[in-house]
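Trainee: Have a look at the structure that comes next, please.
The values are calculated or read from the model by the stated rules, or taken from the named source; none is laboratory data. Bear in mind that the values here come from a model prediction, so they are computed numbers and not experimental data. Here the Cβ positions follow ideal geometry from the backbone for every residue, glycine too, while neighbour counts run over all protein chains shown. Surface areas here come from the heavy atoms of the whole protein model, side chains and all, with no ligands, DNA or RNA. Shrake-Rupley method; radii C 1.70, N 1.55, O 1.52, S 1.80 Å.
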Amino acid sequence: MTLGLVTYRTLTAGLDPFLPLILNSRVKRGKENPDRLQERRGYASRKRSAGTLVWMHGASIGESQVLTLLYEALKESAPDLHAVITTQTQTSAGLIARKNLPDLVHQMAPIDTPFATERFLKHWQPDLAIIAEGDIWPNMLSKLDKKRIPRMLVNARMTEKSLQGWERYPKLAKKLLGGFEPILPANQRTMDGLRHLTGKRMKLAGNLKYAAPELAADEAELERLRAVIGNRPVFAALSTHPGEEEMLVAAFDEILKELPDALLIIAPRHPERAGDIMPVIGGYPFYHRFQESAPSEGDQIWLCDTLGELGLWMRLANVVFLGGGKPGSGILGHNPIEALKLERYVLSEPETDNFKAEFADMTAAGAAEFISDAQSLATAALPWLKGERTFEPDTGKLASYLSGDKPLRLAKEAALKHLKIAAAS
């Protein structure tokens, strides 16, 4: 055990008795579900099913989408397989609940103390651990190794800052990261960094999200909303974060000067932020999706604070603004391929390092562009809202995003190999 790991374990062990106080404080700030605090301490709220069980973990929405996609693929080859999936956020918990996949149990991720992780693993006794992207916790990984539970890292994605952080603790990085078998990097930067940190050989797997089907939408609801909208031009701002809604409303002010019947849809990344967004909307008549059954023709802004409906808003839109790229926010962008698959042009602020290659390819192919402020956002959106531009990107440059299941196939085959289950042909 490295000195860094010993120090971390000692500090977090001392934290364990204070978890109830810490968690209750987070409840007051709206960051925890008061009914699920025991799960955060490693106490299970559900029984473990008999037979083979996989533990899948990811931080939030993006990772949970990757893991549920992989779970569905595994279930095709192993119908008797069960899984427990853990995430850190209430938003991702709601998304997984809505999917309601058979034999998949969701638990809030245990806080990474030695005692909470021990309680979690003692109850669930997984046959395999699958971690998505980069939500890596030292105590949990050490416990997995001690119990000889194999672990995989799928869709591995790390920022340059994260990789540099690991480089400050090379022995710890090699022990924790090197224990994954296999590591399936989503992009070249992550692969190069993890090769350097672990000394392991690995191949570029690609982003598992590319294998996902088009975002779903309720067809009946889609037609109902289209009837309300009629011929109005629709600007959809999706997965927005603090500071972005102000820019969007300012851009909408400019758009209305030329298109007075335009409609702005705002779907925040975290629906619980709706109360913060309402004052930004100001005096515009608006439809509140969570509270109202139906919009009216006079609503100029729709505040869509619901889960699992991005496919609906994309299909209604003439053009899409994708949040998460605000400089200095530290979010580093969201997945633009979902909009690409629905043939929607993407506008974004430029700090999108988590999807650097995707945005570079999409901008080069004429499927996306970066904006810097409200004025440039309005200028970029207007040709699409007026019908002056049509979506005709260079699909040859985007082929790897629009087809191919290599990342999903590699992850599925690796998991089945660990579980000693033959892949279905």
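Trainee: 7 Å from Cα along Cα→Cβ at both Leu101 and Asp353: what's the point-to-point distance in nm?
Mentor: 3.0
Trainee: Collect residues whose amide H, placed 1.01 Å from N in the peptide plane, falls under 5 Å from the amide H of Ile130; neighbours closer than 5 in sequence don't count.
Mentor: Trp55, Met56, His57, Met152
Trainee: With labels modelled as points extended 7 Å from the Cα through the Cβ direction, what inter-label distance (nm, one decimal) is found for Ser45 paired with Glu272?
Mentor: Each label point is offset 7 Å from its Cα along the Cβ direction, giving 1.3 nm.
Trainee: Please calculate how many Å² of accessible area the stretch 369-425 carries per residue, with a 1.4 Å probe and no DNA, RNA or ligand atoms counted.
Mentor: 58
Trainee: Checking the a/c ratio against 1.5 first, then a/b against b/c, what shape does the Cα gyration tensor give for the stretch 193-236?
Mentor: Prolate.
Trainee: What number do you get for the chain when its Cα radius of gyration is normalised by 2.2 N^0.38 Å, N = residues?
Mentor: 1.02
Trainee: What's the FRET efficiency of Glu181 with Lys257 using the Cβ-Cβ distance as r and R₀ = 45 Å, to the nearest 0.05?
Mentor: It comes to 0.15.
Trainee: Going by amide H atoms built from the backbone, whose H comes under 5 Å of the H on Thr240, apart from near neighbours?
Mentor: Distant-sequence amide H within range of Thr240: Ala267, Arg269, Gly323.
Trainee: Please report the projected area of the stretch 328-421's Cα convex hull averaged over all directions, in nm².
Mentor: Value for the stretch 328-421: 7.9 nm².
Trainee: Leaving out ligands, DNA and RNA, and with a 1.4 Å probe, what % of the accessible surface on the chain is carbon or sulfur?
Mentor: 52
Trainee: Further, regarding this structure: Any idea what the relative contact order of the stretch 269-425 is, in percent, if you count C-alpha pairs under 8 Å spaced at least 6 apart?
Mentor: With pairs under 8 Å counted, the relative contact order is 14 percent.
Trainee: Would you calculate the separation in nanometres between label points at Asp16 and Ser329, each defined as 7 Å from the Cα along the Cα-to-beta-carbon direction?
Mentor: The modelled label-to-label distance comes out at 3.8 nm.
Trainee: Write down the accessible area per residue of the stretch 105-245 in Å², having rolled a 1.4 Å probe over the full set of protein chains. Mind showing how you got there, number by number?
Mentor: On the way: 6010 Å² over 141 residues.
With all protein chains present, the stretch 105-245 gives 43 Å² per residue.
Trainee: Around Leu402, under 15 Å between beta carbons, what's the net of Lys plus Arg minus Asp minus Glu among the other residues?
Mentor: Taking every other residue near Leu402 into account, the sum is -3.
Trainee: Let me know the whole percent of all Cα-Cα pairs from the stretch 214-261 that are separated by more than 15 Å.
Mentor: So the portion of pairs separated by more than 15 Å is 61 percent.
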